[in-house]
Amino acid sequence: MAQLKSSAMLTLGIESSCDETAAAVVEGPDDAGVTLVSNVVASQDDLHAQFGGIVPEVASRRHIEMIVPVVREAIERAGVGWSDLDAVAVTRGPGLIGSLVVGMAAAKGLAEARGLPLVGIHHLEGHIYSAAIGRALPLPAIALIASGGHSHLALVRDHGAYEVLGRTRDDAPGEAFDKGARLLGLPYPGGPQLAALADSYEGRVQPMPRARIPDSLDFSFSGVKTALARLVREKGLREGERARIAAAYQESIALSLAERTVQAADEVGPYPILAVGGVARNRRLRELLAERAEGAGLRVHFADPRFCTDNGAMVAAAGAYKFARRGPDDADLDCHANLPLESWSDGC
């Protein structure tokens with residue numbers, strides 16, 4: 001981790017919106033974004049693998065077990081004391097309500113006990129600020145937020161100033177990857193397994209049929225999922241065919257994301273692109289987005305793969321900017337499972 005500058009502001013970030021219990025400390029912000037000081041993530045993949053998906057009640061119970069040791073480890077790794085912190089940031093939604101409540105309760109308890117300001121962060125806002133770890137955000141920008149539960153195109157005019165331009169009309173891309181993996185008989189968590197299988201295919205890739213929504217920047221992935229289900233049902237999974245089918249399926253999802261994002265960045269701007277969220281780790285999406293952005297004369301900035309999936313560093317980064325520009329939230333801050341992405345900047 002980076003060397004700590006004792007004169008800079010330190011923010012603790014807590015994330016528990018789904019099935020990762022995470023905490024991190026960042027320093028800043030400054031002209032180079034925020035500096036990561038520590039980052040701890042406790043995954044629940046092994047716990048949920050037996051169910052083939054996330055069980056909300058199981059997730060919230062594991063958060064209760066892990067939240068204190070994870071936060072404590074983040075502080076210890078940072079090499080600071082509680083009195084060195086300047087603020088506590090926490091995800092307040094959207095997400096699994098039982099999981100969100102655990103993180104919120106922990107953050108409020110710490111803030112009250114240590115006399116620290118509390119800052120609530122929207123989960124998608126956290127993903128946007130994952131691109132600010134170690135570098136400044138190139139604002140205004142178009143953010144592609146692609147993950148297991150979300151698919152949004154947002155215009156980020158300035159810090160705290162958001163306008164949602166498009167979103168999925170059905171499945172999120174990560175959800176589509178997971179469902180496709182299940183159809184192909186791949187183990188949980190399915191998305192990374194499908195991507196690895198697709199990347200192993202060396203032949204020509206023909207994408208599956210995909211939805212094209214006229215006069216809209218929205219996404220739709222239910223059609224390509226249905227096409228995959230029909231293909232598997234009618235033709236089965238012949239030996240050696242799974243990799244080709246996985247590659248075609250991945251290509252369709254990645255093309256939809258890349259084309260819509262570049263379209264939005266060109267039409268609304270032209271603006272640089274921020275690619276964030278768990279699906280932004282996908283190799284093929286990164287290739288296609290970089291190619292199409294270059295063809296349109298646009299810059300594209302990818303979040304570090306370490307910070308694409310849910311983590312405390314992104315929450316701490318967003319919290320540091322929000323606290324520096326707007327100050328703390330009230331003590332009655334609450335969490336919401338379906339929280340919309342809204343602006344908080346006074347100038348928006």
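General remarks:
- Options Gly312, Gly277: the member that is in the same structural domain as Glu20 (by TED's automatic domain parsing), closer than 30 Å to Pro69 by Cβ and surrounded by 24 or more Cβ atoms within 10 Å (Cβ to Cβ): Gly312
- Of all the listed residues (Val300, Val315), the sole one being touching a helix residue (DSSP H, G or I) at 6+ places or on another chain (Cβ under 7 Å), under 17 Å from Gly103 (Cβ atoms) and hydrophobic (A, V, I, L, M, F, W, C) is Val315.
- Number of residues in the stretch 1-16 that are modelled with pLDDT of 95 or more and either surrounded by fewer than 24 Cβ atoms within 10 Å (Cβ to Cβ) or part of a strand (DSSP E or B) (or both): the value is 7.
- For Ala320: the one exception among (1) crowded, with 20+ Cβ neighbours inside 10 Å; (2) aliphatic (A, V, I, L, M); (3) farther than 23 Å from Leu36 by Cα: (3)
- The set of residues in the stretch 29-45 being within 20 Å of the chain's Cα centre (by Cα) and surrounded by fewer than 14 Cβ atoms within 10 Å (Cβ to Cβ) consists of Asp45 alone.
- Members of the stretch 208-240 found to be surrounded by fewer than 17 Cβ atoms within 10 Å (Cβ to Cβ) and either of a type in the set (Val, Ile, Thr) or in contact with an Asp or Glu (Cβ under 6 Å, 6 or more places away or on another chain) (or both), listed by number: Ile213, Ser222, Thr226
- Pairs linking a residue in the stretch 322-341 that is of a type in the set (Phe, Trp, Tyr) to a residue that is loosely packed, with under 14 Cβ neighbours inside 10 Å and part of a loop (DSSP other than H, G, I, E, B), with Cβ atoms under 9 Å and 6 or more positions apart or on different chains, do not occur.
- If you go through the stretch 210-228 and keep only what is among the charged types (D, E, K, R) and over 17 Å from Gly191 (Cα atoms), you end up with Arg210, Arg212, Asp215, Asp218.
- Restricting the stretch 138-165 to residues that are touching a helix residue (DSSP H, G or I) at 6+ places or on another chain (Cβ under 7 Å) and closer than 19 Å to Ala89 by Cα, the residue that is surrounded by the most Cβ atoms within 10 Å (Cβ to Cβ) is His159.
- For Cys335, the criteria (1) surrounded by 20 or more Cβ atoms within 10 Å (Cβ to Cβ); (2) assigned to a helix (DSSP H, G or I) hold in every case but one, which is (2).
The values are calculated or read from the model by the stated rules, or taken from the named source; none is laboratory data. Owing to the predicted nature of the structure, the values given are computational and were not obtained by experimental measurement. Backbone-built Cβ (ideal geometry, glycine too); neighbour counts: all protein chains shown.
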